[in-house]
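See structure below.
Derivation of every value follows stated rules applied to the coordinates shown; laboratory data play no part. Every value quoted in this text rests on a predicted model; they were computed, and no experiment measured them. Reconstructed Cβ throughout: ideal geometry from the backbone, glycine too, with neighbour counts over all protein chains shown.
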Amino acid sequence: MVSVGERLSRARVRAFVGRDEELGRFGAALAGDPRAPFAFYAYGPGGIGKSTLLRRLADHARAAGRLLVELDGRFVSRDPVDFEQAAGPFLDVPGTVLFVDSFEHCQWLESWLWHHFLPRAADDTLVVLAGRRAPQPQWTADPAWARLLHVSELEPFSEEQARSLLVAAEIRPELRDRVLRFAGGNPLALSLAAAAGSEGCGRQEIWAPTADVLRTLLAGLIGEVPTAAHRRALEVASQAHSTSEELLAAVLPGEDAHQLFSWLRDLPFIESTHRGLHPHDAARETLAADLRWRAPNAFEAMRRRLADEYLRLLREAPEERVWTVTDELFYLFREGATLSRLRSWSREDEVHDRPLQPADIDVVLRMTEETEGAASAELVRYWARRQPQAFSVYRLVSTGRIVAFTARLVLPAPADPQDLATDPVVAAAWRYTDATAPVSPGEHIGVSRFSVYPERYQVPSRVIDLSSSRAQAEAARARGRAYGFAVYQDAETWAGRVRGTLHDTGARPRVGEHTYGVFGVDWREVPVEAWLQRFISATEVTVPPPGPSPVSRTAFDQAVREALAHWRDADAFAACALMRSRLAADFEDPAGELRALLRGAVDDLARDPRGVRAREALTAGHFSGAPTQEAAARRLGLPYGTYRRHLRQGLDMLCEALWQRELRPR
């Protein structure tokens, strides 16, 4: 008789494709090769196949007779003593293999692991870590660890690997090409397709990234939803930016929120983060589209219920909770034309903000001088002395590296003469208030004075999102705030973006070589909650552009990336989702003219000095014929990490430029 475990292992072997390098190196380590690594670290975004790889490596270790210790970072205590106790055999039993999945949830243990835990391992042991974030760079650069540590950034599957997965999943031959065009090399999308199989797919089924297809895939993966309450919990998760147990309890009164939250957390397309549960993007879009199609009134009612809860939190929540509320509120209405101009919902390069510390000053000044010049850096120094509490420093969640800072000044009336004489931008804001509706003693103004993110300077980004959310939350909670102002370079572009939300004061103060636009709102005329209601009102909600196939900003950005990924495959490019956008609606030769449009849009990035490197990275990565991203980086003579940074910036800038064309009236 074959055991259940053996049957599961054989099934995983049949379904597993790719990752040959990781399997080979791990196999050599199991065999005792003295040149093989001791520690393996695999990282990549959600859905890229980390857990699947770990299960396959665990099967190898089990077959080799090794003792396994398997931990999940989501359930690891913050106390290193608890981790050490859970992983005890790794320190005591020779040959043990320690696996830690979802390592991003216990990343705070990383320094302790390298310094104190791993050096005490028993003989002939191995460790495998998998998470979303790359390891801290000091370990990969440390000569002591260089030969003991192997780091892999997991990439999407090649076409050959993706096809192998579909063959193993017994997807009908006539459907495979269509599925590949839909899923590309994304392991999550391919796994969903494999889970659904060919059942229920008619021979005329057109596989494309539509809600109908994704609903079919999710139905095969989820099966029957247990109860109507579970269905409503899914509907909450599909709309909320992040879903906590408290949020479920608030918007689904009378239901067992704890049980529903636990069920959601165990679904294969749901990720757990420090802020709550997030569905993978494809699953989120599908669930939301299904509710909108199936019960449009229920869709709007759920969105309104969530919005009401966020507004309640804005008024009543503790101070430390309130800063993300407007961010989550805006996410509900992200498809509206106004918010799509203003905000970025990309989860690449996710950042978190912290108060400015004295040790950060040199970094902040250097960033300012690089982007805005020496005169602006002196103003940062001035305000950091006068209002250090106004500054927020943004670090990458993945590495902890400082990448940006912002400053939200609070300036009481009457204006300080020294401030007026020192900072032309602040002086312009006060002149505007004096000319329109003067600020009385006891009142104050708020000025979002600096927003410096060198890698994504003055374009919509998560830094601007989070800083704006804090500014709006501060305005909602502050007593006596008369005005709120935002300051941007490239005033004409930002005037279009903030239209309908902030008033262009017309002021264009100059600092050094740069001119800035000053945009404001009088909070005495429009209270913050009423201002936020503009985004929630029926006239603002989900007004997609007219055209043959309206899409959300998220879906549009994905379509641009898909078109670039299929650039060298004429058939796949001709079937890509971007062909159904308004961009291509009037083309006589859609494929040819869309290709020309994309090439032209990429070339146009170089008109902005900040876009020169981005253009080079996009051209090398997609148009030059380089077989891999590593080869494209070598062509440009850049380190791979630097090349990836320029490529991400280029994709952001390209998607923004094309989205503005998509929204342009015909």
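Quick notes on this one:
- Estimated distance in nm for a label pair at D266 and Q85, the labels positioned 7 Å out from Cα along Cα-to-Cβ: 2.5
- Inter-probe distance in nm under a simple model that places probes 7 Å from Cα toward Cβ, at R147 and V167: 4.0
- When the Cα positions of A31, H444, F90 are compared along the charge dipole of the chain, H444 comes out farthest toward the positive end, with charges on each C-beta of Lys, Arg, Asp and Glu.
- Bridges between two residues of the chain, per DSSP, are antiparallel at a rate of about 60%.
- Estimated [θ] at 222 nm from DSSP helical runs (n ≥ 4, -39500 (n - 2.57)) normalised by residues in the chain, nearest 500: -14500 deg cm²/dmol
- Global form of the stretch 4-153, assessed from the alpha-carbon gyration tensor, a/c cut-off 1.5: rounded
- One chain, two ends: A359 and A421. Fully extended at 0.36 nm per residue, the span grows by 19.5 nm beyond their Cα-Cα distance.
- The loop-placed trypsin sites (Lys or Arg not before Pro) in the stretch 440-494, going by DSSP, that have at most 16 neighbouring Cβ atoms within 10 Å of their Cβ come out as R479.
- Counting only alpha carbon atoms, the long axis of helix 159-168 and the longest principal axis of the chain meet at about 50°.
- Rounded to 10°, Cα long-axis angle of helix 20-30 versus longest principal axis of the chain: 60
- Under the criterion of Cα pairs below 8 Å and six or more residues apart, the relative contact order for the chain equals 9 percent.
- The calculated FRET efficiency for L396 paired with R321, based on their beta-carbon distance and R0 = 22 Å, is about 0.40.
- Placing a label point 7 Å from the Cα of D608 along the Cα-to-Cβ direction, the residues of the stretch 363-407 whose backbone N falls under 18 Å from that point are 368, 370-373, 404-405.
- Prolate/oblate/rounded call for the chain, Cα gyration tensor, a/c under 1.5 rounded: prolate
- Amide H to amide H distances under 5 Å link L356 with F391, V393, where only residues 5 or more positions off or on other chains count and H is placed in the peptide plane.
- Length available on full extension from E529 to N297: 0.36 nm per residue minus the Cα-Cα distance, which gives 81.1 nm.
- Applying 1/(1 + (r/R0)^6) with r as the Cβ-Cβ distance of S244 and D571 and R0 = 45 angstrom yields a FRET efficiency of 0.50.
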